[in-house]
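One structure below.
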Amino acid sequence: MTTFHRSGHQDGWARAQLPPVAEWPVLHLRAPYDYPARLNGATRLLDDAIREGHGDRIALVVPDGAGGWHEVTYATLSADVDALAHVLTGELGLVPGNRVLLRGFNDRWMATAWLAVMKAGLVAVTTMPLLRATELGVILERAACAAALCDATLAAELTEAARTRQVPVHTWGGSDAADLGVRSARHRRPFTPCDTASDDVCLIAFTSGTTGVPKGCMHFHRDVLAMCDGFAAQVLGLTTDDRCIGTPPFAFTFGLGGLLCFPLAARASTVLLPKATPESLLEAIAATRATVTFTAPTFYRMMGLAIRKDPTRFDTASLRCSVSAGEALPDATRTLWREVTGIEMLDGIGATELIHIFIAAAGANVRPGAIGRAVPGYEIAILDESLQPVPTGTVGRLAVRGPTGCRYLADPRQRAYVQNGWNLTGDAAHMDADGYVFFKARTDDLIISAGYNIGAPEVEAAVLQHQAVAECAVIGVPDEERGQVVQAVVVLAAGHAPSEALAVEIQEFVKRTIAPYKYPRIVTFAAALPKTDTGKLQRFRLKEAR
């Protein structure tokens, strides 16, 4: 029976939304995951670095706006974080336990905001820049946010979502007196970290899931450190000499770990790119002498092709490791990257529910065709439908347990994801006698395209809002570059005829309704959709018909 430590939160809402302890997965909290009862993650990531004498080391490398780069030391970042924490608790009146939505690009301000929220004992609710007002509104409500912090250039959609919910929006990047940067300049003094418990919630990361209703994954201060002490330290082996770089936004825990928490925990540095193309990422690697990359297989493929096309243009000699996650890594992409860079890519599988990667292999431990083995501290099993282990080499349900695990925000789907103490990831896989895991497919209707998780029902709901659409079914179809792309099969309303122009119109409509990356890249028309006798849509029949 889990006993909570005394909370440091004044607002106890987050802890009250946790699932019953009986519905939690089994947790392995042995060393190095045996954290003390009182713990604030920002102290370990930043304050301890200063005390250890790393204040003059470079923490962040960011574009300077003039084609060059600006370096931010640990001491400067710490001062920035303390100043903003004073604004949050003093001027804005937020109290420990309040939820704060964060909306911005991967940049100095977003890093500062995330760390300041944690240090002040608040709960960060990270969101992607691409989300629209409708999606942001759902998250504001689900997390009962007390405030939102946002890049001024991204404020329009968030302001629209927050207005009807009476959530104040505070922006950075402007020049008026209310701007967070202007306010922070008045508070350049140390901030005492909130006395949080190691099992106080510090992060709610939303995953799109498969039903269109976002699932909030609730993570503790100790969980943030566990991903640093697990995959980053024991598999990736980050050191103070490393410099991380990549593309996943902080709203993805893949990006939050790889591009912020991992390098800070290792007293390394990180290059933050607000936006990147394959070519600009390669140029940034050369310019900043980055050593570790984090991105999805699709991006690696495009970078590899760019290098192959012009081998003398891009200098990747500084790289020692490349981490791939977010979707299945095709062997062709792994081979291409190895041929053009000499680097054996580090593949990994993780989940927002477990905060980061829990299966991986690096260097000499890489085995062809396999994702890898359990990250130290995690236990992997392949189970049948009765949750019994299957024979070696047999495909079954991937199950995992370790120092982190699924705790959904007040969501009945907790009982489906966690069964008999196991986290059931929704992946089909098999494992060999040495513990290497071989991924086969997703076991649900989640579409993974270029590293983004897209729920088919959510896209269907958006398509159905178009006046010409009577019915719609969305499936993922194989794609060489993106892994999968979204296809919408549409039954038109009376008075409308199929045409290429209408297909494009539906695509553009979806882009305006939900995040653009979710739009159907393929739109086809049908007279009817396959259904059961009770009227339930049979997506699998559409997939079989391709």
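Matching residues to (1) touching a Gly at 6+ places or on another chain (Cβ under 9 Å); (2) surrounded by 23 or more Cβ atoms within 10 Å (Cβ to Cβ):
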| position | (1), (2) |
| --- | --- |
| ALA296 | yes, yes |
| ASP315 | no, no |
| GLU327 | yes, no |
| PRO330 | yes, no |
| ILE343 | no, no |
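Taking the condition of a type in the set (Asp, Glu) and under 30 Å from GLU135 (Cβ atoms), does ASP223 pass?
Spelling it out, ASP223 is indeed of a type in the set (Asp, Glu) and under 30 Å from GLU135 (Cβ atoms).
Return the pair list, or none, for Cβ contacts closer than 9 Å from residues in the range 189-202 that are without any contact (Cβ under 8 Å) to a residue 60 or more places away in the chain to residues that are surrounded by 21 or more Cβ atoms within 10 Å (Cβ to Cβ) and assigned to a strand (DSSP E or B), at least 6 apart or on different chains.
Qualifying pairs under 9 Å: none.
This table checks each residue for (1) in contact with a strand residue (DSSP E or B) (Cβ under 9 Å, 6 or more places away or on another chain); (2) among the aromatic types (Phe, Trp, Tyr); (3) touching a residue at least 60 places away in the same chain (Cβ under 8 Å); (4) in a loop (DSSP other than H, G, I, E, B).
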position	(1), (2), (3), (4)
HIS5	yes, no, yes, yes
ALA14	yes, no, yes, no
LEU18	yes, no, yes, yes
ALA31	no, no, no, yes
PRO36	no, no, yes, yes
LEU45	no, no, yes, no
GLY55	yes, no, no, yes
ALA66	no, no, no, yes
VAL72	yes, no, no, no
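Condition check ((1) in contact with a Pro (Cβ under 6 Å, 6 or more places away or on another chain); (2) assigned by TED's automatic domain parsing to the domain that holds LEU272; (3) small (Gly, Ala, Ser); (4) at pLDDT 95 or above) across all residues:
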site	(1), (2), (3), (4)
LEU88	no, no, no, yes
LEU102	no, no, no, yes
THR112	no, no, no, yes
MET128	yes, no, no, no
LEU131	no, no, no, no
THR171	no, no, no, yes
SER175	no, no, yes, no
ASP179	no, no, no, yes
HIS187	no, no, no, yes
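Could you check the range 387-409 and list, in sequence order, the residues that are closer than 30 Å to VAL213 by Cβ, at pLDDT below 95 and surrounded by fewer than 20 Cβ atoms within 10 Å (Cβ to Cβ)?
Within the range 387-409, VAL395 is the sole residue that qualifies.
Kindly provide the set of residues from the range 462-499 that are surrounded by fewer than 17 Cβ atoms within 10 Å (Cβ to Cβ) and part of a helix (DSSP H, G or I), ordered by number.
none
Find all pairs meeting these conditions: Cβ atoms under 6 angstrom apart; at least six residues apart or on different chains; first residue within the range 346-358 and surrounded by fewer than 24 Cβ atoms within 10 Å (Cβ to Cβ); second residue in a helix (DSSP H, G or I).
These pairs meet every condition: THR352/THR253.
Being touching a helix residue (DSSP H, G or I) at 6+ places or on another chain (Cβ under 9 Å), modelled with pLDDT under 90 and among the aliphatic types (A, V, I, L, M) narrows it down to one of ALA360, ALA325, so name that one.
Of the residues listed, the single one that is touching a helix residue (DSSP H, G or I) at 6+ places or on another chain (Cβ under 9 Å), modelled with pLDDT under 90 and among the aliphatic types (A, V, I, L, M) is ALA325.
Give the number of residues within the range 51-70 that are surrounded by fewer than 15 Cβ atoms within 10 Å (Cβ to Cβ) and either under 23 Å from ALA286 (Cβ atoms) or of a type outside the set (D, E, K, R) (or both).
Of the residues in that region, 8 qualify.
Let me spell it out: the conditions are (1) part of a helix (DSSP H, G or I); (2) within 30 Å of ILE447 (Cβ to Cβ), and GLY181 meets all of them except one. Which number is the exception?
Evaluating GLY181 over (1) part of a helix (DSSP H, G or I); (2) within 30 Å of ILE447 (Cβ to Cβ) leaves (2) as the failure.
Based on this model, can you work out whether GLY348 counts as more than 24 Å from VAL72 (Cα to Cα), assigned to a strand (DSSP E or B) and small (Gly, Ala, Ser)?
For GLY348, the condition - more than 24 Å from VAL72 (Cα to Cα), assigned to a strand (DSSP E or B) and small (Gly, Ala, Ser) - is met.
Residues are listed down the side, and each one gets a yes or a no for (1) at pLDDT 95 or above; (2) crowded, with 24+ Cβ neighbours inside 10 Å; (3) assigned by TED's automatic domain parsing to the domain that holds LEU102:
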{"site": "THR211", "(1), (2), (3)": "no, no, no"}
{"site": "MET227", "(1), (2), (3)": "yes, yes, no"}
{"site": "ALA232", "(1), (2), (3)": "yes, yes, no"}
{"site": "ASP241", "(1), (2), (3)": "yes, no, no"}
{"site": "GLY246", "(1), (2), (3)": "yes, yes, no"}
{"site": "PHE252", "(1), (2), (3)": "no, yes, no"}
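Tell me which helices (runs of 4 or more DSSP H) are completely within the range 250-296 and hold 2 or more residues being charged (D, E, K, R), or say none if there are none.
By residue number, 278-288.
Taking only the range 328-345 into account, find how many residues are assigned to a loop (DSSP other than H, G, I, E, B) and either among the β-branched types (Val, Ile, Thr) or closer than 23 Å to LEU238 by Cβ (or both).
5
The values are calculated or read from the model by the stated rules, or taken from the named source; none is laboratory data. The structure presented is a predicted model; accordingly, all values stated were derived computationally and were not measured. Using ideal geometry, Cβ is built from the backbone for each residue, glycine included, and neighbour counts are taken over all protein chains shown.
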